[in-house]
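Where a number appears in this text, it was derived from the coordinates with a stated rule and is not lab data. This structure is a prediction, so every number in the text was calculated from the model and none was measured. Please note: Cβ atoms are built from the backbone with ideal geometry, for glycine as well, and neighbour counts cover all protein chains shown.
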Amino acid sequence: MYPLRRNRRLRSGKAIRSLVRETIIAPDDFLVPLFVVEGKGVKEEIASMPNYYRMSLDLLGKEVKELWKMGLKSVLLFVKVPDNLKDNKGTEALNPEGLMQRAIKTIKNACPEMLVMTDVALDPFSEYGHDGIVENGIILNDETAEVLAEMSVSHAEVGADFVAPSDMMDGRILSIREALEDADFFDTGIMSYSAKYASAFYGPFRDALDSAPVDAQNIPKDKKTYQMDPANRFEALKETEMDIDEGADIVMVKPGIAYLDIVREIKNEVDVPVAVYQVSGEYAMIKAAAEKGWLDHDAVMMEQLIAIKRAGANIIASYFAKDVVRLIS
Ligand code: PBG
């Protein structure tokens, strides 16, 4: 009797393959990143992110209604702040009438059930493009965590369901949780970017928000003193466990495809949902190769997303969310 088992039986046709498939991508998996700008009727394509746009508030309502109809029920908000409103402390981030605050209200008005998560970090508001306050070439930790806590409360006040700190300061989850509790926002959740690596894959995003660290004397050129070294693994577990202890409801690994070993390891260790951010550079790579005719866009997109989910992601933040829903529905 040879072979004893014929594994190909389970691959022999479409029906049996779908019957034994272990991982399925659905609209429920996605968190849709949205980039918001000032202005009226603005829908600008991001140069390094083909078919992805920055949008003004008047178009945002229509966009989220469309997402909701497609079964995409959660958004992750980022704002592009005009240069004249940027400073070292991210003062504009706390403006009750700031762009983020107005964006949250706009979405909740247009589509009250849409789950609104907000990016909490200083970089879009920082004149230096850093996720924290800079002093003598150093990114200040505790002072930054305080601003992030105030920012979180300010988002909760206008209706954010979850805040998503993407800065990697130490102790910021605890500062944010305490500030939210003190302001009676017991039900406002925290999705922490827990294992966020100092990655070159964020390039197109920094174009989208014009938020790259500036080239000036005494300003660090990269984010390596707070984002993690791509070479490290134990550190990801430590960061994640600490964030959960401090009050994170959801943890995140970022970027996606190059860090799936970390995703699996964290998934095996923790008892909270694990999100993965398939970042701008991952999106740009697929778009660029497909434009050249070198890769099959839809097939590669699906393969990467399935790999992310198979590795343990419960939630995927992805610029492909709409493309996927169009493809599978
Ligand atoms: C900044 C932030 C970044 C991303 C999300 N929040 C960039 C960075 O850390 O420089 C990247 C997302 C992407 O590349 O798609 N706090």
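Taking all C-alpha pairs of the range 188-312, those more than 16 Å from each other amount to 66 percent. Calculated mean residue ellipticity, 222 nm, the chain: -11500 deg cm²/dmol, from DSSP H runs (n ≥ 4) at -39500 (n - 2.57) each, averaged per residue and rounded to 500.
Of all lysines in the structure, the ones whose alpha carbon falls short of 27 Å from that of residue 221, not counting any fewer than 8 places away in one chain, are 80, 86, 89, 196, 238, 254. Most simply put, the range 119-252 has about 25% antiparallel DSSP beta bridges, counting only bridges with both residues inside it. Considering the range 239-295 at the alpha-carbon level, its Rg and Dmax are found to be 14.7, 47 Å.
If R0 is 41 Å, what FRET efficiency do you get for residue 105 and residue 310 from their C-beta distance, rounded to 0.05?
0.60
3J(HN,Hα) along the range 50-55, derived from phi through the Karplus expression 6.51 cos²θ - 1.76 cosθ + 1.60 where θ = phi - 60°, amounts to x, 6, 10, 10, 8, 9 Hz, with x in place of Gly and Pro. Taking amide hydrogens as placed 1.01 Å from N in the peptide plane, the amide H of residue 31 sits under 5 Å from those of 316, 317, 318, each at least 5 positions away in sequence or on another chain.
Compute the long axis of helix 260-269 from its Cα atoms, compare it with the longest principal axis of the Cα atoms of the chain, and write down the angle in degrees, 0 to 90, nearest 10. Approximately 80 degrees, to the nearest ten.
The residues 2, 128, 277, when put in order of fewest to most other Cβ atoms within 10 Å, stand as 2, 128, 277.
Taking θ as phi - 60° and the Karplus parameters 6.51, -1.76 and 1.60, the scalar couplings of the range 118-126 work out to 10, 6, 10, 6, 8, 3, x, 9, 8 Hz in sequence order, x denoting glycine and proline. Legend: ranking of residues 31, 10 from fewest to most surrounding C-beta atoms inside 10 Å; resulting order 10, 31.
If R0 is 25 Å, the Cβ-Cβ spacing of residue 43 and residue 235 corresponds to a FRET efficiency of close to 0.05.
For the charge dipole of the range 26-328, defined by +1 on Lys and Arg C-beta atoms and -1 on Asp and Glu C-beta atoms about the Cα centroid, which residue among 227, 30, 159 has the Cα displaced farthest towards the positive pole? Of the candidates, 30 comes out farthest on the positive side. The modelled label-to-label distance between residue 303 and residue 62, using points 7 Å beyond Cα along the C-beta direction, is 3.7 nm.
Using just the C-alpha positions of the chain as equal point scatterers, what log10 of I(q)/I(0) does the Debye formula give at each q in 0.10 1/Å? Relative scattering, expressed as log10 I(q)/I(0), comes to -0.57. Measure nothing fancy, just the Cα-based angle from helix 280-291's long axis to the longest principal axis of the chain, in degrees from 0 to 90, nearest 10. Taking the Cα atoms of the chain, the angle to 280-291 is about 50 degrees. Per 10 Å bin from zero, what fraction in whole % of the C-alpha pairs of the range 91-137 is there, up to the bin with the longest pair? All Cα pairs, binned at 10 Å, distribute as 25, 42, 24, 8, 2 percent. You can think of it this way: the chain between residue 268 and residue 6 has 91.3 nm of extra reach, that is 0.36 nm per residue less the Cα-Cα gap.
Using a cutoff of 8 angstrom between alpha carbon atoms and counting only pairs six or more residues apart, the relative contact order for the range 26-328 works out to 18 percent. With R₀ set to 35 Å, the beta-carbon distance separating residue 23 from residue 69 gives a calculated FRET efficiency near 0.85.
Taking a point 7 Å from the Cα of residue 285 along the Cα-to-Cβ direction, the residues of the range 31-58 with backbone N closer than 18 Å to it are 48-50.
Of interest is the spacing of the C-alpha centroids, which for the range 301-323 and the range 99-114 amounts to 25 Å. Where the centroid of each part is defined by its Cα atoms, how far is the range 194-265 from the range 1-44 in Å? Using only Cα atoms, the two centres lie 26 Å from each other.
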